[in-house]
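Asker: Supplied in structure tokens, the structure appears directly below.
The values are calculated or read from the model by the stated rules, or taken from the named source; none is laboratory data. Quick caveat: nothing in here was measured; it's all calculated off a predicted structure. Quick reminder, even Gly has a Cβ in these numbers, built from the backbone with ideal geometry, and neighbours come from all protein chains shown. When the accessible area is computed, the model is the full protein with side chains, heavy atoms only, and any ligands, DNA or RNA have been set aside. Shrake-Rupley method; radii C 1.70, N 1.55, O 1.52, S 1.80 Å.
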Amino acid sequence: MRPLRIATAILLGWAVWTPSPVQAAEPQAGGTMTTPGVETQKQQMSQGDVPIYKPRKQSTPKGRVGGGIRGGDGPALYVLAPDHVGFTKDEQPSLFWYLSKPTSLPLEFTLIDGRAVKPVIETKLNAPAQPGVQRISLKDLGIKLEPGVQYKWFVTLQVGAEASSKDVVAGGTIECIPFLEALPHLEVPKNGEAVFRYAEAGLWYDAIATISEMIEATPDNRKLRKQRASLLQQVGLWEVARHDNPE
């Protein structure tokens, strides 16, 4: 473990990082950027076969740290988080992240409450058995989020023995809100509709967790993977989306 050093480096990097717009553009060949057209989005909504994520009014830009690729040929590391504050109704949600290829380098999970100096938790992660989307269960770690508090969470690929600028860090922001505030006058939706209801209510982490759990249960279900890919595209996570829907 590298106590506090990695947390300090993360916070310093976060402070100077400039958040991207909520509607992210996809990189194209030659380095140009294109933004998904309004008509395309309307067609998707009218089809009703993909969830449409609608950020909550209080989803102020706080930034998402993107891991990128180490040294040009190393693994890409991303957290499945929006580029603004993401919300959940759960005190012990599961957080999801993505690794593009296997690695023997150590991985670490850090959760930070901005009101405290010491991280809520800083712990090693088991090396994934295979690349792709991975899960961190706050319930398994015995951690509860305090409603109304914004937390920053990070996955770090540790390149050296000490905290280093060579480390690959990906992170997002999460806030838990009470159920009645998250889904007023609504009962808990069933799995099939839950992804759509959570996305429409601006509960990013509930939507992405629900669809990811459904994919874990039926990994060959192309419809579910396309739905998750659509959510990821809507927050600019194009590489991760291509993992689910390479078309």
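Asker: Given Cβ point charges of +1 (Lys, Arg) and -1 (Asp, Glu) and nothing else, what value in debye, to the nearest 20, does the dipole of region 188-247 about its Cα centre take? Mind dumping the intermediate values first?
Answerer: Details: 8 positive and 9 negative charges, 32 e Å.
That gives a dipole near 160 debye.
Asker: Over every pair of different alpha-carbon atoms in region 96-163, take the mean of 1/r and invert it; report that Kirkwood radius in Å. Walk me through the intermediate numbers first.
Answerer: On the way: mean 1/r = 0.0753 Å⁻¹.
About 13.3 Å for region 96-163.
Asker: Which sequence of Lys101, Lys57 reflects their accessible areas, 1.4 Å probe, from the largest down?
Answerer: Lys57, Lys101
Asker: Same structure again: Which whole-Hz ³J(HN,Hα) couplings does region 166-175 yield from phi under the Karplus relation 6.51 cos²θ - 1.76 cosθ + 1.60, θ = phi - 60°, glycine and proline marked x?
Answerer: 7, 4, 9, 10, 10, x, x, 10, 9, 9
Asker: Then there's this: Which residues does a label at Lys54 reach in region 168-182, if reach means a backbone N under 11 Å from a point 7 Å past the Cα toward the Cβ?
Answerer: none
Asker: Could I ask something else about it? Calculate one ³J(HN,Hα) per residue across region 91-98 by plugging θ = phi - 60° into the Karplus curve 6.51 cos²θ - 1.76 cosθ + 1.60, and present them in order as whole Hz with x for glycine and proline.
Answerer: Karplus-based 3J(HN,Hα) across region 91-98 equals 6, 10, x, 9, 10, 10, 9, 10 Hz.
Asker: Additional query: As a test question: what accessible area, to the nearest 10 Å², does Asp220 have when a 1.4 Å probe is rolled over all protein chains in place?
Answerer: 140
Asker: So what J values fall out for region 233-240 if you push phi through Karplus, 6.51 cos²θ - 1.76 cosθ + 1.60 with θ = phi - 60°, rounded to Hz, Gly and Pro as x?
Answerer: Each residue of region 233-240 in turn: 4, 5, 10, x, 8, 5, 5, 5 Hz.
Asker: Of the accessible area of region 116-162, with the probe set at 1.4 angstrom, what percent is carbon plus sulfur? Don't jump to the answer; show the numbers that get you there.
Answerer: Working: 1200 of 2550 Å².
Carbon and sulfur atoms account for 47 percent of the accessible area of region 116-162.
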